[in-house]
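To keep things clear, I will list the structure first and then write my remarks on it.
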Amino acid sequence: MITRELALELRAAGLVWHPAEGDRFQLDLPDEVELEAEADVYTVSGMTIDARRTPSGVDLAFNGTTEWALDAVPLSGAVWLPREDQLRELLRGTFRHLVREEDTFRVEIEIAGELLPFEHPDPSEAYGRALLELIARSR
């Protein structure tokens, strides 16, 4: 799983999340709201948390949870933590290789004929860093 910091960088770079079953996220609430649950990882699931369209956008509704008082949060109050397969899919045709090395994974993408490597001990983080570069170069 990618770090919250990388997820925030991806969001700031323009990555848009359309919540789907199985997506993972953390809360990202305003500073004035103190909530320990912000560090917890939640999963979109029709039984417990689902994405609901509202007139103001999309809310993540917490169905039947009792550990805290929020019934729903707007999509802007959540940080998407894309899975490895989602990150690879978002790289689309630029993805070339995932290579396992001794103590790291190397993801290679190709942009405008240039092969770019991204290394990290966690393959998801390597994919995420590659996606961040792709987004930056597509602006």
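Observations, loosely collected:
- When the Gaussian network model of the chain links Cα atoms closer than 10 Å, the mean-square fluctuations of T54, T94, T104 top out at T54.
- Within a Gaussian network of the chain (alpha carbon springs, distance under 10 Å), most fluctuating of D40, D59, D50: D40
- Rounded to 0.05, the FRET efficiency of the H18 and R137 pair, given R0 = 30 Å and the Cβ-Cβ distance, is 0.85.
- Based on the reciprocal of the average 1/r between different C-alpha atoms, the Kirkwood radius for the range 84-137 equals 10.7 Å.
- Along its three principal directions, the equivalent ellipsoid of the range 43-139 from the Cα gyration tensor extends over semi-axes of 35, 16, 10 Å, largest first.
- Residue of G113, G14, G77 that the Gaussian network model of the chain assigns the largest fluctuation, springs spanning Cα pairs under 10 Å: G113
- Helices meeting the span-like rule in the chain (full DSSP H runs, Cα extent of at least 15 Å along the helix axis, mean Kyte-Doolittle score of 0.0 or higher): 123-137.
- Taking label positions 7 Å along the Cα-Cβ direction at both R4 and L116, the computed distance is 2.7 nm, reported to one decimal.
Quick note: the coordinates plus some simple rules give every number you see, no bench work behind them. On a predicted model such as this, the values are computed, not experimentally measured, just so you know. Virtual Cβ from ideal backbone geometry, glycine too; neighbours counted across all protein chains shown.
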